[in-house]
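Just so you know, all these numbers are worked out from the coordinates, no wet-lab data involved. Note that this is a predicted model, so its numbers are computed, not measured. All Cβ positions, glycine included, derive from the backbone under ideal geometry; neighbour counts span all protein chains shown.
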Amino acid sequence: MSAHWDKHSTWEEAEKSWDKRSGSLEQSHPIKQLVKIPKLPGIRPKTKKNLRLKALNYLAEYDEEKFFIKYFFSNPFKHGFNLIRSYLKPLPFTRDDDFFLYGLKNEAEFKDLLAKKDSLLVIGFSYCHKPFECPSQRFTQDCIHDLTNPVCGQCFIGKCVHSLPKKRVLPVFITTVHQIGEIIVKQVQKHPKLEITYIITACEMTLQMFGDWANMMQVRGLGIRLDGQICNTMKAFVASEHGIKPGMAVVLDDTKKRILNLIKFRREQNT
Ligand code: SF4
């Protein structure tokens, strides 16, 4: 973390030098890019039907170590109440373009949370937007973000990781909803004095399906909608959760800028 950014005295300098290097690597070591962003609905109309029930079934069916069931029953009244309260709302989040806010009214409120000295930021990147040539492989929880690697030098995840502050930030490379859910629960349990918050990239369908669980845990944070070759049916979603993801999801350019602005803001709070 911070390796590239720490070599520069300002954010602007660090970003300029990252982008310049990334531009030359695009020429010398081109990697597969999504040439055209397909126009796909975030969730297919048939899939939307009973989506909350499908999410609950999915979570229970693949909860191999009964982690979520045990977590729910660690405080069934509170968790049940929070879950029902979330279900009563038409959607579990407030949407601002590609930003899906959980337990927060707007981006300004999220920034207040990022500014808190007693907060810990979990920043999770879905494997679906790792490059096909990723040296850590796509369906893994690893990311070497190697400054000398020409693929990492062109990767948005690499750029984010190299710009993150070191303190009270935990980068995570997400393969499944169970993995990221478990990490957040464990961070909440490990740091009772810190407010845990998150930035997580995922397809719209995933952001909608599992928002109720974030609300049940009362963990406030931000989901970032991925575009490109996304999963918008249950079949595609289940396959991708098992590593079958032939397509490439992307963070749109304007959304990349918004994410980097939030990282910059968080970085400034630590200095
Ligand atoms: S920065 Fe991480 S995700 Fe990106 S190509 Fe390198 S190892 Fe893969």
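Here are a few things to note about the model shown:
- Taking (1) touching a residue at least 12 places away in the same chain (Cβ under 8 Å); (2) part of a loop (DSSP other than H, G, I, E, B) in turn, residue 187 satisfies each apart from (2).
- Among the residues here, residue 17 does not qualify as more than 23 Å from the chain's Cα centre (by Cα), in a loop (DSSP other than H, G, I, E, B) and either under 22 Å from residue 148 (Cβ atoms) or free of Cβ contacts under 8 Å to residues at least 12 places away in the same chain (or both).
- Lone qualifier among 105, 66 - being touching a Ser or Thr at 6+ places or on another chain (Cβ under 7 Å) and of a type in the set (Lys, Arg): 105
- Residue match in segment 156-163 (condition: of a type in the set (D, E, K, R), within 12 Å of the ligand (Cβ to nearest atom) and assigned to a loop (DSSP other than H, G, I, E, B)): no
- Every residue from segment 110-143 that is more than 16 Å from the ligand (Cβ to nearest atom) and without any contact (Cβ under 8 Å) to a residue 12 or more places away in the chain: 112
- Residue within segment 22-43 that is surrounded by 14 or more Cβ atoms within 10 Å (Cβ to Cβ), farther than 30 Å from residue 7 by Cα and charged (D, E, K, R) present: no
- Unique match (being of a type in the set (A, V, I, L, M), touching a residue at least 60 places away in the same chain (Cβ under 8 Å) and either touching a helix residue (DSSP H, G or I) at 6+ places or on another chain (Cβ under 7 Å) or within 20 Å of residue 93 (Cβ to Cβ) (or both)) among 194, 222: 222
- Tally, over segment 125-170, of residues that are in contact with a strand residue (DSSP E or B) (Cβ under 7 Å, 6 or more places away or on another chain) and of a type in the set (D, E, K, R): 2
- Condition met for residue 147 (closer than 17 Å to residue 204 by Cβ, part of a loop (DSSP other than H, G, I, E, B) and among the hydrophobic types (A, V, I, L, M, F, W, C)): no
- Considered as a group, the residues in segment 128-184 that are charged (D, E, K, R) and farther than 24 Å from residue 246 by Cβ include one that is surrounded by the most Cβ atoms within 10 Å (Cβ to Cβ), and that residue is 159.
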